[in-house]
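A.B. asks: Dropping the structure in here first, questions after.
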Amino acid sequence: MQVPLQLFLEKYNAIENYVDVGRRKIFVRLIEDKLTLQEAEPIIIIPGGPGADASAIFPHLDSLLKHGPVIIFDPADVGKSDPFLRTLQSDVEELECIRQFFNIKKWVISGASYGGIVAQKYGVKYQQHISKLILSVTIPSFNALQDAWNNLSEVKTTKQQYQFASDLLRGNVSEDVAPIGEYIKALGPLYSM
């Protein structure tokens, strides 16, 4: 069971804003407790997905805030952010626009799952702005996503397997339990190839 964000935000100083990223706006929250943005390097949490929000981090805010401010955001086409056809590169540029918006020299980047892919790509392009990189349950290289697309084209798949794999790689997966079971059943044989 997920705890509503509002319960967490009532405890902290949360500054909510929209950051301009080209033709879209990204909803961002800067959460501070004892240490402010001027006193400590912030950590930005990059959600997984693509298509996920930052709600998985809420139960850990107390621990994170002991080290400094926490920035969470709704990537494009998620939550309160504007709709936008996302790419890995556009996700990286969202991060850089957020860093510039808050005038941050260096920050800690934390990404889980797809967020880890974005963190790696950001790290390659903007390494001068990262003090620490935290990766969790992600792939070992942002290039692996392109490799997955290439492999999908080369592997003999059924029409359903190809469609399901394409949905997964694009982040177009329902959270309903029944469809996830169908995905696992259809895609399971591909994991042994």
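A.B. asks: Among the residues of the range 120-141, is any open to solvent by less than 10 Å² (accessible area, probe 1.4 Å), under 26 Å from E39 (Cα atoms) and either part of a helix (DSSP H, G or I) or touching a residue at least 40 places away in the same chain (Cβ under 8 Å) (or both)?
C.D. replies: So in the range 120-141, the residues open to solvent by less than 10 Å² (accessible area, probe 1.4 Å) come out as 122.
Retained after the next criterion (residues that are under 26 Å from E39 (Cα atoms)): 122.
Subset that is either part of a helix (DSSP H, G or I) or touching a residue at least 40 places away in the same chain (Cβ under 8 Å) (or both): 122.
For the range 120-141, residues open to solvent by less than 10 Å² (accessible area, probe 1.4 Å), under 26 Å from E39 (Cα atoms) and either part of a helix (DSSP H, G or I) or touching a residue at least 40 places away in the same chain (Cβ under 8 Å) (or both): present.
A.B. asks: Given (1) assigned to a strand (DSSP E or B); (2) crowded, with 20+ Cβ neighbours inside 10 Å, identify the lone condition not met by I117.
C.D. replies: If we test I117 against (1) assigned to a strand (DSSP E or B); (2) crowded, with 20+ Cβ neighbours inside 10 Å, just (1) comes out false.
A.B. asks: I'd like the full set of residues that are of a type in the set (F, W, Y) and in a helix (DSSP H, G or I), limited to the range 38-89.
C.D. replies: Correct list: F58 only.
A.B. asks: If we keep just the residues of the range 90-111 that are touching a residue at least 12 places away in the same chain (Cβ under 8 Å) and assigned to a loop (DSSP other than H, G, I, E, B), which is most open to solvent (accessible area, probe 1.4 Å)?
C.D. replies: Looking only at the range 90-111, we keep the residues that are touching a residue at least 12 places away in the same chain (Cβ under 8 Å), and these are 90-99, 101-102, 104-111.
Cutting the leftovers down to assigned to a loop (DSSP other than H, G, I, E, B) gives us 102, 104-106.
Values: F102: 31, I104: 10, K105: 163, K106: 86 Å².
Looking at the filtered set, the residue picked out is K105.
A.B. asks: Continuing with the same structure: Given the condition open to solvent by less than 20 Å² (accessible area, probe 1.4 Å), farther than 15 Å from N13 by Cα, at pLDDT 85 or above and over 11 Å from the mean Cα position of the chain (by Cα), answer yes or no: does some residue in the range 60-83 qualify?
C.D. replies: Yes, that holds for at least one residue.
A.B. asks: Go through (1) open to solvent by 100 Å² or more (accessible area, probe 1.4 Å); (2) part of a helix (DSSP H, G or I); (3) at pLDDT 65 or above one by one and return the number of the condition Y191 breaks.
C.D. replies: Every listed condition holds for Y191 apart from (3).
The values are calculated or read from the model by the stated rules, or taken from the named source; none is laboratory data. Source: prediction; values computed, not measured. All Cβ positions, even for glycine, are placed from backbone atoms using ideal geometry, and neighbour counts span all protein chains on display. These accessible areas exclude ligands, DNA and RNA; they are computed on the full protein's heavy atoms, side chains included. Shrake-Rupley method; radii C 1.70, N 1.55, O 1.52, S 1.80 Å.
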